[in-house]
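Below you'll find the structure, written out as structure tokens, and then a few comments.
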Amino acid sequence: MRGHSICPDARQLVRPLNERGVALWEFALVLPIVLFIALGVFDFGKLIYFSIEVESAARAAAMFGAQNAGEAITNAAGITQAAYTEAPDIKTSGCGTGQSPGTACFLGNGAGAFVATGNTAYYGCECPDGTDVKSASTSCTNCSGGQHEVYWVAVQTQATYKPFFPWNNIAFTGLPSSYNVSGYAKIRLGAQ
């Protein structure tokens with residue numbers, strides 16, 4: 001089988017002059033789109049991460065407050081610290097106008113952050129069927145039918161996330177400059 005080879009003629013392996021550099025142009029056109037999508041996935045992932053952390057902080061703070069009625073009523077600083085400890089990636093200072101891109105900040109600062117506007121801790125009671133809900137400032141009364149009151153502590157946490165990339169500066173996205181995420185947990189008191 002003379003004249004036949006497995007490899008085609010070497011002249012067929014060389015691209016014609018009018019096709020050279022096409023792959024480079026295609027890469028240059030696709031790269032910005034891929035980077036744009038990657039930045040979006042990164043920012044969305046961080047938003048989801050911070051929302052999970054804020055929810056977890058509410059749960060941890062409510063569990064701390066649910067240890068006994070005294071903690072829920074008098075230890076707002078301890079409830080707040082429990083939330084801060086559970087969410088170490090969420091800042092408590094340097095928030096507002098000077099907040100760095102790609103970070104999240106709790107709304108409200110200091111020891112009373114979860115009893116101030118935005119982050120709140122509630123203590124109260126209600127009937128087992130969810131009726132007759134009362135706050136700690138009101139005395140709990142017996143429920144109808146001889147049922148006993150259920151005492152609880154509820155914590156709401158809120159944080160704001162400022163994206164790493166300023167999506168709001170791109171006209172067609174219509175996205176805000178920051179996102180608010182919140183968490184809520186309500187737990188029955190252990191000792192009543």
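Below 13 angstrom from the Cβ of residue 57, what's the summed charge of the other residues (Lys, Arg +1; Asp, Glu -1)? The partial results should precede the final answer.
Values: positive: 59, 91; negative: 53, 55, 86, 89.
Net of charged neighbours comes to -2.
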Quick one: what are the phi-derived ³J(HN,Hα) couplings along segment 35-52, Karplus 6.51/-1.76/1.60 with θ = phi - 60°, whole Hz, x for glycine and proline?
-> 5, 4, 5, 4, 5, x, 5, 4, 5, 5, x, 5, 4, 5, 4, 5, 5, 5
The residues 85, 97, 160, sorted from fewest to most surrounding Cβ atoms within 10 Å, come out as 97, 85, 160
Scoring only Lys, Arg, Asp and Glu (+1, +1, -1, -1) among other residues with Cβ under 15 Å from the Cβ of residue 98 yields +2
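Readers should treat all values here as calculations from the given coordinates under stated rules, not as data from a laboratory. Predicted model only: the values in this text are computed from it and were never measured. Ideal geometry is used to build each Cβ from the backbone, glycine not excepted, and the neighbour counts take in all protein chains shown.
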